[in-house]
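Here is the structure we will look at, set down as structure tokens.
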Amino acid sequence: MKIGIDKIGFYIPHLYVDMNKLAVSRNVEPEKFTIGIGQEKMAVPPITQDPVTLAANAALEILDEKDKKEIDFVIFGTESGIDSSKSAAVYVHDLLDINPYARAIEVKQACYGTTAGIQMAKGHIALNPESKVLVLGSDIARYGLNTSGEATQGAGAVALVISANPSILELEDQSVYFTTDIMDFWRPIYSDKAFVDGKLSNEQYIAFFSKVWEQYKTKTGLELKDFEAICYHLPYTKMGLKALRTVLDEGTEDVKDRLMENYKISARYNRNVGNIYTGSLYLSFLSLLARKEDLDADSRIGLFSYGSGAVGEFFTGLLQADYREHLHVENHIKLFSARKEITVAEYEEIFQETLPTDGSTIELDIDNDPATICLAGMADNKRQYVNKTK
Ligand code: HMG
């Protein structure tokens with residue numbers, strides 16, 4: 001039985017900062033951010049968007065009434081969850097009116113959470129071929145104003161439906177995963193910003209890619225030439241490029257050119273959004289599928305997932321015939337073109353806004369947020385969510 005990605009969508013907040021302007025205000029040469037880091041625009045979430053609303057808006061784009069009845073498992077990957085106890089999946093389940101006879105859980109391992117969710121979903125479908133699983137990956141990446149990580153912030157969510165006989169990508173069974181305890185990036189529960197050892201994180205990302213890639217080739221007998229494209233977790237777009245470059249010499253000039261061209265296409269959405277942590281790999285995969293028009297059915301796509309701390313996985317899938325008809329590319333274009341640029345000063349103000357932590361009531365202005373699902377306020381330590389269509 002084929003199991004894989006039947007639907008995929010994403011959501012990004014409607015505000016962004018231009019990286020050239022951020023560089024100027026930080027006394028950095030703009031090329032450091034646009035070439036050295038490889039980012040053009042950084043998504044900025046208004047206070048009316050949090051990981052729950054970003055994910056719910058991403059899922060809203062792809063789910064129809066039939067999906068809502070057939071989904072019996074909602075898995076929410078995040079490392080910026082809003083509650084240490086209740087899962088973000090339960091809120092999304094309610095906001096989207098999903099079948100009540102469903103499981104709803106949150107999964108955490110830095111940027112690896114969504115991949116863990118997808119593999120868990122695959123096992124669930126193998127046992128329950130009639131069901132569908134909604135996997136969400138949603139995060140707000142925060143390092144702080146004027147930090148070296150600032151240029152690699154971002155916000156957004158992806159939503160995937162995993163099912164039997166998928167329309168987009170059949171997940172192949174062979175995969176390689178690897179775990180080691182390292183402190184390259186972490187966020188203690190008392191902090192709303194991540195701590196990072198930037199240099200170590202870059203080194204470990206490459207080291208993990210090398211370990212899982214070598215082991216994958218040994219296990220499967222496959223080689224670089226067997227891949228149409230390799231998509232990467234993209235904390236910033238230069239990072240995936242550096243990893244890809246470590247293996248390019250394994251291919252002929254044709255293979256190198258193909259993988260390099262497809263890499264650039266796969267990084268396009270991420271260049272304009274920034275790091276969305278656990279959704280980043282899937283935003284990149286979606287960018288490839290949406291922006292490259294001539295990928296053949298049965299093309300093999302490699303996916304490298306990395307979550308600091310750290311867990312890495314290399315796995316693969318085969319594109320399904322007519323996958324493009326299931327992508328909603330026109331919605332992607334609308335989402336990007338409807339965004340509004342804000343100044344660095346406006347971004348700094350938004351960055352410092354906080355929700356009350358003393359139980360007091362606050363009402364937020366959701367009229368200025370074009371998203372369908374918003375955070376409308378807080379009362380009694382409870383977040384008040386609104387689906388404007390309900
Ligand atoms: P930095 O120290 O500000 O930058 O931090 P740098 O000095 O290393 O420069 C960056 C690049 O810009 C270099 O290129 C420079 O040469 C170049 P590289 O040597 O890397 O190829 N550069 C220029 N290029 C063109 N024109 C110029 C110019 N000036 C310099 N004028 C760093 C950069 C990424 C470390 C920092 O932003 C950071 O710490 N970010 C957060 C950590 C991160 O994203 N790590 C990535 C791997 S870990 C990961 O992916 C997991 C993660 O997503 C979290 C999770 O799993 O949950 C982060």
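The values are calculated or read from the model by the stated rules, or taken from the named source; none is laboratory data. Note that the structure is a prediction, hence the values are computed from the model and not measured. Using ideal geometry, Cβ is built from the backbone for each residue, glycine included, and neighbour counts are taken over all protein chains shown. To get the accessible areas, we keep the full protein, side chains included, count just its heavy atoms, and leave off ligands, DNA and RNA. Shrake-Rupley method; radii C 1.70, N 1.55, O 1.52, S 1.80 Å.
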Original post:
Applying the selection to the stretch 161-190, what residues are within 16 Å of the ligand (Cβ to nearest atom) and either open to solvent by 20 Å² or more (accessible area, probe 1.4 Å) or under 25 Å from Lys7 (Cβ atoms) (or both)?
Top reply: Tyr177, Phe178, Thr179, Thr180, Asp181, Ile182, Met183, Phe185, Trp186, Arg187, Pro188, Ile189
Subject >> Residue list for the stretch 220-232, restricted to those being open to solvent by less than 10 Å² (accessible area, probe 1.4 Å) and assigned to a loop (DSSP other than H, G, I, E, B) >> reply: Phe227
Subject >> Among (1) more than 16 Å from the ligand (Cβ to nearest atom); (2) within 17 Å of the chain's Cα centre (by Cα); (3) closer than 17 Å to Pro13 by Cβ, the one test that Thr278 misses >> reply: (1)
Original post:
Counting only residues that are outside any helix (DSSP H, G or I) and near the ligand (Cβ under 9 Å from one of its atoms), which one in the stretch 233-259 is nearest to Val311 (Cα to Cα)?
Top reply: His233
Subject >> Qualifying position, being within 30 Å of Lys219 (Cα to Cα), of a type outside the set (Gly, Ala, Ser) and open to solvent by less than 20 Å² (accessible area, probe 1.4 Å), among Leu295, Leu327 >> reply: Leu295
Original post:
With Gly38, Gly81 as the choices, which residue is touching a Phe, Trp or Tyr at 6+ places or on another chain (Cβ under 8 Å), outside the structural domain of Thr179 (by TED's automatic domain parsing) and within 30 Å of Ile182 (Cβ to Cβ)?
Top reply: Gly38
Original post:
Of everything in the stretch 4-29 that's assigned to a strand (DSSP E or B) and among the β-branched types (Val, Ile, Thr), which residue is surrounded by the fewest Cβ atoms within 10 Å (Cβ to Cβ)?
Top reply: Val17
Original post:
Of all residues in the stretch 338-362, which are open to solvent by less than 50 Å² (accessible area, probe 1.4 Å) and touching a Phe, Trp or Tyr at 6+ places or on another chain (Cβ under 9 Å)?
Top reply: Arg339, Ile342, Tyr347
Original post:
Can you tell me how many residues in the stretch 63-91 are outside any strand (DSSP E or B) and farther than 19 Å from Tyr385 by Cβ?
Top reply: 7
Subject >> In the stretch 234-251, the residues that are open to solvent by less than 40 Å² (accessible area, probe 1.4 Å) and either small (Gly, Ala, Ser) or over 14 Å from Gly38 (Cβ atoms) (or both) >> reply: Gly240, Ala243, Val247, Leu248, Gly251
Subject >> Matching option when the condition is at negative phi, part of a helix (DSSP H, G or I) and surrounded by 15 or more Cβ atoms within 10 Å (Cβ to Cβ), among Lys199, Lys217 >> reply: Lys217
Original post:
Do the conditions hold for Val311, that is, is it open to solvent by less than 90 Å² (accessible area, probe 1.4 Å) and closer than 30 Å to Lys217 by Cα?
Top reply: yes
**OP:** Select from the stretch 136-148 the residues that are in contact with a Phe, Trp or Tyr (Cβ under 8 Å, 6 or more places away or on another chain) and open to solvent by less than 10 Å² (accessible area, probe 1.4 Å) and write down the one among them that is nearest to Pro30 (Cα to Cα).
**Re:** Ala141
**OP:** Scan the stretch 107-153 residue by residue and report those that are within 10 Å of the ligand (Cβ to nearest atom), within 13 Å of the chain's Cα centre (by Cα) and among the small types (Gly, Ala, Ser).
**Re:** Ala110, Gly113, Ala141
Subject >> Residues satisfying the stated conditions in the stretch 265-317, i.e. in a helix (DSSP H, G or I) and aromatic (Phe, Trp, Tyr) >> reply: Tyr269, Tyr277, Tyr282, Phe285
Original post:
Restricting the search to the stretch 73-95, which residues are open to solvent by less than 40 Å² (accessible area, probe 1.4 Å) and not hydrophobic (A, V, I, L, M, F, W, C)?
Top reply: Gly77, Thr78, Glu79, Ser80, Gly81, Ser87, His93
